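**Q** Here's a structure for you.
The values are calculated or read from the model by the stated rules, or taken from the named source; none is laboratory data. What you are looking at is a predicted structure, and each value in this text was computed from that prediction instead of being measured. Because the Cβ atoms are built from the backbone with ideal geometry, glycine has one as well, and the counts that use them run over all protein chains shown. Keep in mind that these areas ignore ligands, DNA and RNA; they rest on the heavy atoms of the full protein, side chains included. Shrake-Rupley method; radii C 1.70, N 1.55, O 1.52, S 1.80 Å.
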Amino acid sequence: MSKMHLKLKVNNRDVETLTEPRTLLIHVLREQLGLTGPHIGCDTSHCGACTVDMNGRSVKSCTVLAAQADGATLLTIEGMASPDGTLHALQESFRTHHGLQCGFCTPGMITRAYRLLQENPNPTEAEIRFGISGNLCRCTGYQNIVKAIRAAADTLASVKEAAE
Amino acid sequence: MTVDTETAQARTQKLEGLGTKRKRVEDARFTQGKGNYVDDIKLPGMLFGDFVRSPYGHARIKSINKDAALKVPGVKAVLTAADLKPLKLHYMPTLAGDVQAVLADEKVLFQGQEVAFVVAEDRYSAADAVDLVEVEYQELPALVDPTKAMAPGAPELRDDLKGKTSGAHGPRKHHNHIFTWETGDAAATDKALKSAQVVAKEYIVYQRVHPCPLETCGCVASMDKINGHLTVWGTFQAPHAVRTVASLISGIPEHKIRIISPDIGGGFGNKVGVYPGYICSIVASIVTGVPVKWIEDRMENLQATAFARDYHMTGEIAATKDGRITGLRCHVLADHGAFDACADPTKYPAGFFNICTGSYDIPAAHVTVDGVYTNKAPGGVAYRCSFRVTEASYFIERMVDVLARKLNMDPAELRRKNFIRKEQFPYTSALGWEYDSGDYHTALDKALKAVDYPGLRSEQKRNREAFARGETRKLMGIGVSFFTEIVGAGPIKNCDILGLGMFDSCEIRVHPTGSAIARLGTISQGQGHATTFAQILATEIGIPASNITVEEGDTDTAPYGLGTYGSRSTPVAGAATAMAGRKIRAKAQMIAAYLLEVHDDDLEWDIDRFRVKGAPERFKTMAEIAFSAYNKVPPGMEPGLEAVSYYDPPNMTYPFGAYVCVVDVDVDTGITEVRRFYALDDCGTRINPMIIEGQVHGGLTEALAIAMGQEMAYDELGNLKNASLLDFFLPTAVETPAWETDYTTTPSPHHPIGAKGVGESPNVGGVSAFSNAVNDAFAHAGLTHTQMPHDHWRVWKTAERLKLTAAA
Ligand code: FES
Ligand code: FES
């Protein structure tokens, strides 16, 4: 199959690659760009393990064709920490609140939570639960994930307040 | 000499040993997307394998044409049974003493069965070629019901077993029969039932479900033809056992095989078995000379690897009028699918199902289990439970509720009345297990108090009255369950798999500067072993947990062990860790005595150092001793500070717990809301309360899935109707309630640190609590038992049958 020239901005870096247009975005990320943080749990858009941020929205990258992503700006778990290596508040709070076990859902979960907090910086527990309902976790029972996201919201709010 | 400046408390804190809520060391990589799961592995020249699978439940293969597939650019090979036959690899042994087709030989026996293996340069061309392999089938009648499979005229499923009247577990009484397993005292039980004042009988089905970890199964096999070494990375819950099996199957000597379990994205029993994908990848790597990766997709995972349960249980329970249980009988029809691929210890084809007398002092019991072949996927794995313990616990916890109904007694009271009493431990059950320790009354009383059980019951009474008056359409249900698990398999005298005793192991090396590495025969799949085993060791040898690396999963470096499943890591490998630590400490004591110029016996251990008794200002810290081990040891002693322990547990451990669930059932929609779920667990000594709590949350959520919505439903033709996450129920954060956790602590008397294991308890106890609650909601309307899963449709049907719905 003939290949297309794909241009993306991933984690603040411009990247180019040749790929079949039918290739799924998750495979471009994982296999061509070496970004193995996002995972594949179902490849039918149910589990959310492959969640990345595309043009400011959460997408399940197993259900996006490479051709559809051409020119997009993407953020994956690998781009979540600051350039100086400081972890994002969500990455910290998932650890402190034991919001992960096997870690397989974690990159998608954190990336989704990141967008959720952009959309709603001060969510209630119910809003968090609804907001992450596209991401399945088989290990944690969600309780500590919800706690971690809520705590990260507080941290981000206090950081913002301090900055103002 | 070091000056003793820190307080004992500060030194203890620094260790982050037993009982601390130590944060997990694994999390840094997982939260940054730096985990290393099998599908992340990329080797030069690596090819991809993909399966052609049977669309039918039962069919004869008339022909396979690979021509078109082989023409797809990038395709290197298409393997079928005909290619494997000359190597005698078209069948492989299962862990249960049966054989399983690696690639279907003449017949397919379940939907999704592996028929051909395509090897190509990338996964897209492999998938293209899979579509182009032409297989001509002749459909045969499918058997999906174990009762029908045992009917006299039922089609014979296993051609390869034709005429065999006995199998690995004794005689076969029918061509689709696998084994009969029997235990207990038939005559005494019969007598108890016949002479009983009250007998309750029930048919209880624990439906077919699937562990469904978020990461599916897969591997990368790499045969180095130059030095004859085979390396396989894969989702293996038991890497050493896989190495032994791989050696036995392939004929490659075991020292030339290296099995590596990288990070594993959840296992829950799904990743214990050996699957055709592993064998085909190995063969393909041998044939092509380059590494071959195989990763199953979710549909393949649900269709073909490792279902759990499918137990059809008929129970009879005898009691006196005032509620004293006098006997229990159970017969199980166990649907094992097309091949018997359970992963049970050899002597236990029905696992530890005979823990089904539960937490009760039942004088007589008898169990028979018949294993049956059907046209369904093989498996029967211990899904987040010790072998068949979930089935056993569900059975007894439903039976006790059914009996309570019949006696018109409160189910909690009936349980209290029949509990094994604290002073009866160690207690030998009628079915032969020796329960190590327990304090059931205390646990249940604490649970009932925490939820205000009498208050709940009176609220329920008011709810029923209001319902009768037409003021509400919701019914309140209260489910109480009390479980006893049997985990930590197990003593070599009665537990082996393929002849390998179920011990486990730990090897420790203390480095000169006082840090250490510990390697174990187990493998974490999210349980946080790197965190918790370091805690056990920190307390044993006085080195801070943060200075101890824990490594698992590489058979070239880790000592032999039987892996992680059946909650065996803490009871067995955790014990090995403590024992190896004690060997280190014993040697350290001799070195310290030499350095301090006193006798060994004049020293006492104090958190992280040895002190001279009566002269506490004279001491040697573990760090000092470690350094000394490499330059100054007593004459005659070997230098170094290393130890290894292979721990053969003297007994299983028996964690227990009391769970209470409160639901509100809307009779017009069947929607069942979990209002409250309280879980009290007693797992003996608690290593890391944070991790325990996380395990309980996770296990309860899996229990919720099973009780309230999961079922691998097959139609008459053998089609699996829910082979995707669209149709197979996995709860999201929305359906999952908030969990309340609690505990009591009854240490195991025979475990070096008293720990019992916890990972699976919530799944074992949770399912019956949910189910009891749903059944309880309808008790006043005459319901004694309704089958799981309690999804909206079934609950609504129950309400309708009881004439409670609006339409009725
Ligand atoms: S892999 Fe994309 S949603 Fe599951
Ligand atoms: S931590 Fe394992 S799936 Fe979420």
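**Q** Based on what the data block shows, is B:Pro762 open to solvent by 10 Å² or more (accessible area, probe 1.4 Å) and touching an Asp or Glu at 6+ places or on another chain (Cβ under 8 Å)?
**A** On the way: open to solvent by 10 Å² or more (accessible area, probe 1.4 Å): no; touching an Asp or Glu at 6+ places or on another chain (Cβ under 8 Å): yes.
No, not satisfied.
**Q** Hey, any hits in region B:202-218 for a residue that's farther than 27 Å from B:Asp335 by Cα, away from ligand 1 (no atom under 16 Å from the Cβ) and out of contact with any Cys (no Cβ under 8 Å at 6 or more places or on another chain)? Working first, answer last.
**A** Step one: list which residues in region B:202-218 are farther than 27 Å from B:Asp335 by Cα, which gives none.
So far as region B:202-218 goes, no, none of its residues is farther than 27 Å from B:Asp335 by Cα, away from ligand 1 (no atom under 16 Å from the Cβ) and out of contact with any Cys (no Cβ under 8 Å at 6 or more places or on another chain).
**Q** Can you pull out every residue in region A:130-141 that is closer than 21 Å to B:Gln695 by Cβ and more than 9 Å from ligand 2 (Cβ to nearest atom)?
**A** Across region A:130-141, the qualifying residues are A:Ile132, A:Gly141.
**Q** Specify the residue that is farthest from the other protein chains (Cβ to nearest Cβ); the eligible residues are those in region B:53-77 that are open to solvent by less than 10 Å² (accessible area, probe 1.4 Å) and among the hydrophobic types (A, V, I, L, M, F, W, C). Please lay out each step first, then the result.
**A** Pass one, region B:53-77, residues open to solvent by less than 10 Å² (accessible area, probe 1.4 Å): B:54, B:57-59, B:69.
Narrowing further to those that are among the hydrophobic types (A, V, I, L, M, F, W, C): B:59, B:69.
Details: B:Ala59: 26, B:Ala69: 16 Å.
Looking at the filtered set, the residue picked out is B:Ala59.
**Q** Now a separate question. Mind listing just one residue for me: the one in region A:135-156 that is open to solvent by 40 Å² or more (accessible area, probe 1.4 Å) and free of Cβ contacts under 8 Å to residues at least 60 places away in the same chain and, of those, nearest to the other protein chains (Cβ to nearest Cβ)?
**A** Looking only at region A:135-156, we keep the residues that are open to solvent by 40 Å² or more (accessible area, probe 1.4 Å), and these are A:147, A:150, A:154-156.
Applying the additional criterion that residues be free of Cβ contacts under 8 Å to residues at least 60 places away in the same chain yields A:147, A:150, A:154.
Working: A:Lys147: 10, A:Arg150: 12, A:Asp154: 18 Å.
This residue is A:Lys147.
**Q** Condition test on A:Ala89, is it touching a residue at least 24 places away in the same chain (Cβ under 8 Å), of a type in the set (A, V, I, L, M), open to solvent by less than 10 Å² (accessible area, probe 1.4 Å) and touching a helix residue (DSSP H, G or I) at 6+ places or on another chain (Cβ under 8 Å)?
**A** Numbers: touching a residue at least 24 places away in the same chain (Cβ under 8 Å): yes; of a type in the set (A, V, I, L, M): yes; open to solvent by less than 10 Å² (accessible area, probe 1.4 Å): no; touching a helix residue (DSSP H, G or I) at 6+ places or on another chain (Cβ under 8 Å): yes.
Criteria not met by A:Ala89.
**Q** Please name all residue pairs, on different chains or six or more residues apart, with Cβ atoms under 7 Å, provided the first residue is in region B:246-269 and is farther than 21 Å from B:Val102 by Cβ and open to solvent by 10 Å² or more (accessible area, probe 1.4 Å) and the second residue is within 16 Å of ligand 1 (Cβ to nearest atom) and not polar (S, T, N, Q).
**A** B:Pro262/B:Tyr37; B:Pro262/B:Val38; B:Asp263/A:Gly103; B:Asp263/B:Gly35; B:Asp263/B:Tyr37; B:Phe268/B:Pro213
**Q** For region B:693-733, enumerate the residues that are within 16 Å of ligand 2 (Cβ to nearest atom), in contact with a Phe, Trp or Tyr (Cβ under 7 Å, 6 or more places away or on another chain) and in a loop (DSSP other than H, G, I, E, B).
**A** Selection gives B:Ala733 alone.
**Q** Can you tell me which condition A:His39 does not meet? The list is (1) within 11 Å of chain B (Cβ to nearest Cβ); (2) away from ligand 1 (no atom under 14 Å from the Cβ); (3) in contact (Cβ under 8 Å) with a residue 12 or more places away in the chain, and all the others hold.
**A** Every listed condition holds for A:His39 apart from (2).
**Q** Working only within region B:244-274, note down all residues that are more than 17 Å from the chain's Cα centre (by Cα), part of a loop (DSSP other than H, G, I, E, B) and away from chain A (no Cβ under 14 Å).
**A** Scanning region B:244-274 gives B:Gly251, B:Ile252, B:Pro253.
**Q** Please enumerate the residues belonging to region A:98-134 that are over 23 Å from A:Thr63 (Cβ atoms), of a type outside the set (A, V, I, L, M, F, W, C) and within 9 Å of chain B (Cβ to nearest Cβ).
**A** Correct list: A:His98, A:Gly99, A:Gln101, A:Glu125.
**Q** Residue check, A:Phe94 against (1) crowded, with 21+ Cβ neighbours inside 10 Å; (2) within 15 Å of ligand 1 (Cβ to nearest atom), all met but one. Which one?
**A** It fails just one condition, (2).
**Q** Give me the residue from region A:45-59 that is within 12 Å of chain B (Cβ to nearest Cβ) and within 11 Å of the chain's Cα centre (by Cα) and, out of that set, farthest from ligand 1 (Cβ to nearest atom).
**A** The selected residue is A:Val52.
**Q** Follow-up question, since we're still on this one. Is one or more of the residues making up region B:183-193 at pLDDT below 95, surrounded by 13 or more Cβ atoms within 10 Å (Cβ to Cβ) and outside any strand (DSSP E or B)?
**A** Residues of region B:183-193 at pLDDT below 95: none.
The answer is no, given that none of the residues of region B:183-193 is at pLDDT below 95, surrounded by 13 or more Cβ atoms within 10 Å (Cβ to Cβ) and outside any strand (DSSP E or B).
**Q** Something else: Check region A:25-34 and report whether any residue there is within 16 Å of ligand 2 (Cβ to nearest atom) and outside the structural domain of A:Glu119 (by TED's automatic domain parsing).
**A** So the first thing to find is which residues in region A:25-34 are within 16 Å of ligand 2 (Cβ to nearest atom), and the list is none.
Within region A:25-34, none of the residues are within 16 Å of ligand 2 (Cβ to nearest atom) and outside the structural domain of A:Glu119 (by TED's automatic domain parsing).
**Q** Residues in region A:60-68: is at least one assigned to a strand (DSSP E or B), within 16 Å of ligand 1 (Cβ to nearest atom) and aliphatic (A, V, I, L, M)? Give the steps one after another, and end with the answer.
**A** Going through region A:60-68, the residues assigned to a strand (DSSP E or B) turn out to be A:60, A:65.
From the residues that got through so far, the ones that are within 16 Å of ligand 1 (Cβ to nearest atom) too are A:60, A:65.
Right, trim to aliphatic (A, V, I, L, M) and you get A:65.
Yes - at least one qualifying residue is present in region A:60-68.
**Q** Taking A:Thr73, is it away from ligand 1 (no atom under 15 Å from the Cβ) and not assigned by TED's automatic domain parsing to the domain that holds A:Phe104? Show your work before the answer.
**A** Details: away from ligand 1 (no atom under 15 Å from the Cβ): yes; not assigned by TED's automatic domain parsing to the domain that holds A:Phe104: yes.
In short, yes.
**Q** Out of region A:99-150, which residues are within 16 Å of ligand 1 (Cβ to nearest atom), within 13 Å of the chain's Cα centre (by Cα) and hydroxyl-bearing (Ser, Thr, Tyr)?
**A** Answer for region A:99-150, where residues must be within 16 Å of ligand 1 (Cβ to nearest atom), within 13 Å of the chain's Cα centre (by Cα) and hydroxyl-bearing (Ser, Thr, Tyr): A:Thr106, A:Thr111.
**Q** B:Ala241 - would you say it is assigned to a helix (DSSP H, G or I) and within 16 Å of B:Ala558 (Cα to Cα)?
**A** Numbers: assigned to a helix (DSSP H, G or I): yes; within 16 Å of B:Ala558 (Cα to Cα): yes.
Against the criterion (assigned to a helix (DSSP H, G or I) and within 16 Å of B:Ala558 (Cα to Cα)), B:Ala241 qualifies.
**Q** Looking only at strands (runs of 3 or more DSSP E) that fall completely inside region B:288-357, which ones have 1 or more residues that are among the β-branched types (Val, Ile, Thr) and within 14 Å of chain A (Cβ to nearest Cβ)? Steps first, answer last, please.
**A** Values: elements: B:292-295, B:308-319, B:325-337.
Hits in region B:288-357: B:292-295.
**Q** Do the conditions hold for B:Glu735, that is, is it open to solvent by 20 Å² or more (accessible area, probe 1.4 Å), among the charged types (D, E, K, R) and modelled with pLDDT of 95 or more? Spell out how you get there, then give the answer.
**A** Working: open to solvent by 20 Å² or more (accessible area, probe 1.4 Å): yes; among the charged types (D, E, K, R): yes; modelled with pLDDT of 95 or more: yes.
Answer is yes for this residue.
**Q** Among (1) surrounded by 12 or more Cβ atoms within 10 Å (Cβ to Cβ); (2) more than 16 Å from ligand 1 (Cβ to nearest atom), there is one condition A:Val159 misses while meeting the rest; what is its number?
**A** A:Val159 satisfies all of (1) surrounded by 12 or more Cβ atoms within 10 Å (Cβ to Cβ); (2) more than 16 Å from ligand 1 (Cβ to nearest atom) except (1).
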